[in-house]
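Here's the structure we're looking at; comments come further down.
The values are calculated or read from the model by the stated rules, or taken from the named source; none is laboratory data. Being a predicted model, the structure only gives us computed values, none of them experimental. Virtual Cβ from ideal backbone geometry, glycine too; neighbours counted across all protein chains shown.
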Amino acid sequence: MLVRSRRRIIANYRPLVVAESLVLYGETVVAVGNYEDMKNALAGSDYTELESEYVLAPGFVDAHAHPDSLGYNLVLGGKMETSSVKDVLEKLGESRVVAGWVVPPRIDPSSLREGRMPYYWEIDAYVRDKPVLIQHISGHMASLNSVGIALAREVLGQIRFGDLEKGWLYEEDLWRLLTHIRSSMREPELEEALLLGLREFESKGVTAVGAAGLSFREVEALKRLDKEGKLPIRVYGYVIYTGGPDFDYDYVEKLLYETWGDRSSRFRINGLKVILDGALGPRTAYLSSDYSDEPGRRGFLNYNEEELEKVFAEASRRNLQVAVHVIGDAALEVALRVARRVRDLYLRLEHVSLVRDDQLGYIKELGPVLVVQPHFVISDKWMTQRVGCDRIRWVYRFKELADVAVTAYSTDAPVEPVDPFETVYAAVTRGLYDDVDYARASLRNAVTVAEALAHYTVDAGLALGDPRLGCLLPGCYADIVELSDDPLLQYDPVKVRGLKASVVKLIKGSK
């Protein structure tokens, strides 16, 4: 197929390569160049031609997201827009019941008048006869009612991460409970949720996603969808590490070779996802000193150093990439310290939200791939309050991180919006136009539009271990998007936010 743009084709963002046309063979780019040259080279052969009036570019690659959770969220109705705890509770009657649990869409407590999650007795005043689970937008915390607390104790046994005097459940215990609830979903419901999430990415011009934290059941569902040719975009999966001596490393290793050994597959398993600490919103991220707005609290680790070292050693021995969630600077310190003790480790560090000056050098020395979420800058308007003025310069150091390691952009959706241009806008402006109080003080870590687009394409492909992603050079996947305008010619960063990307369906257009 010969693909031509009446404007231009951005074949690569770093180094910048532009062209008039592409030649494709199947799902692969085989040539890039001048339209007349490409047409002459194809003379006498049987080919189709696709012409576009738009700027063409590589599809976006979201290196860290949760299409499973996004799909579940869409099934439940998306994020709940409310202004108070009372508003949240009054909407429980409209919420979907999943496996007997009342599960409303996620909420953002920073947008509530009370600035917190609901307490169990407040939920009890509205729902007493069914278990209720109200999840924090970050996915790291939830509120339960009395019936929910009793069932959680029954399902989980000992609860390590929670404040049940308020009805709050955190981290690993929350994920175990969610896994139990979702295990009751029928296979068609599970597949519907996964496809909803993946189609949402496709609708925004994302052609590949790193699915960060899949259960084994979700892996099997994605394998079925891939075999049936139903996956709308490429999926690179990371199996969630659930802890303990019985974790099935053998199965993950088998999945690695099985999925990468099939050239036609659009679903591949890369390795493991380890959630080492929590999030800054619910104050569960592990910090080296107290939260500024809650003295005496520093967050916590989900796994100690000894267990993390065992995971790293198993991953290294089996050639598994391991993606480690580290938000707090103390959690990052633990991950870096353990990584220095394990040879040949294929390491990704996720979020890397709070980074001290001394840690930049260690990151450069170890050379992990970093996967960050620039839209956190805009969403986390409370950050100065949370970490204080002395530490605010450690927050979201995207440009400085890119100077020491490969840095890929992502959304962590459904935590942040799926739209790539929202992420690009956040990386470029640092919240300067969005009432972020530390925006001006952090402009040293703002990037250019071109830099942001490279982090969101070629660098994200490297983070997923596949250099054929995020480019339209010979040998790259023919994952093409049409752009509503040329992002590299936008001199007003606010206008970048309004750009749109749509995936080119290669079956259309013929000659």
Of the residues in region 353-367, those that are closer than 21 Å to G278 by Cα, not hydroxyl-bearing (S, T, Y) and not in a helix (DSSP H, G or I) number 3
Does E202 count as among the charged types (D, E, K, R), within 30 Å of G498 (Cβ to Cβ) and at pLDDT 95 or above? yes
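Among the residues of region 373-394, how many are in contact with a helix residue (DSSP H, G or I) (Cβ under 6 Å, 6 or more places away or on another chain) and surrounded by 17 or more Cβ atoms within 10 Å (Cβ to Cβ)? Spell out how you get there, then give the answer.
Residues of region 373-394 in contact with a helix residue (DSSP H, G or I) (Cβ under 6 Å, 6 or more places away or on another chain): 374-375, 377-378, 382, 384, 392.
Subset that is surrounded by 17 or more Cβ atoms within 10 Å (Cβ to Cβ): 374-375, 377-378, 384, 392.
Qualifying residue count, region 373-394: 6.
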Taking region 288-310 as the region of interest, how many residues are crowded, with 23+ Cβ neighbours inside 10 Å and farther than 21 Å from D412 by Cα? 1
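Pick from A450, A426, A454, A441: which is within 13 Å of I378 (Cα to Cα), in the same structural domain as I392 (by TED's automatic domain parsing) and either part of a helix (DSSP H, G or I) or in contact with a strand residue (DSSP E or B) (Cβ under 6 Å, 6 or more places away or on another chain) (or both)? Give the steps one after another, and end with the answer.
Working: A450 fails: within 13 Å of I378 (Cα to Cα); A454 fails: within 13 Å of I378 (Cα to Cα); A441 fails: within 13 Å of I378 (Cα to Cα).
Every option except A426 fails the conditions.
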In region 184-201, is there at least one residue being touching an Asp or Glu at 6+ places or on another chain (Cβ under 9 Å) and closer than 23 Å to L308 by Cα? no
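Here's the yes/no breakdown for (1) of a type in the set (D, E); (2) in contact with an Asp or Glu (Cβ under 8 Å, 6 or more places away or on another chain); (3) touching a residue at least 12 places away in the same chain (Cβ under 8 Å):
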position	(1), (2), (3)
T284	no, yes, yes
E306	yes, no, no
A315	no, no, yes
L320	no, yes, yes
With criteria (1) under 30 Å from V494 (Cα atoms); (2) at pLDDT 95 or above; (3) touching a Gly at 6+ places or on another chain (Cβ under 7 Å), V372 comes up short on (3)
Which of (1) outside the structural domain of E202 (by TED's automatic domain parsing); (2) of a type outside the set (V, I, T); (3) within 15 Å of V209 (Cα to Cα) does A408 not meet, given it meets every other one? (1)
Given the conditions (1) touching a helix residue (DSSP H, G or I) at 6+ places or on another chain (Cβ under 7 Å); (2) modelled with pLDDT of 95 or more, which single one is not true for H325? (1)
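I'd like to check which strands (runs of 3 or more DSSP E) are fully inside region 163-266 and have at least 3 residues that are out of contact with any helix residue (DSSP H, G or I) (no Cβ under 7 Å at 6 or more places or on another chain). Before the answer, list the steps.
Values: elements: 168-170, 206-214, 234-240.
By residue number, 206-214, 234-240.
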Residues in region 228-282 that are under 30 Å from G167 (Cα atoms) and small (G, A, S) total 5
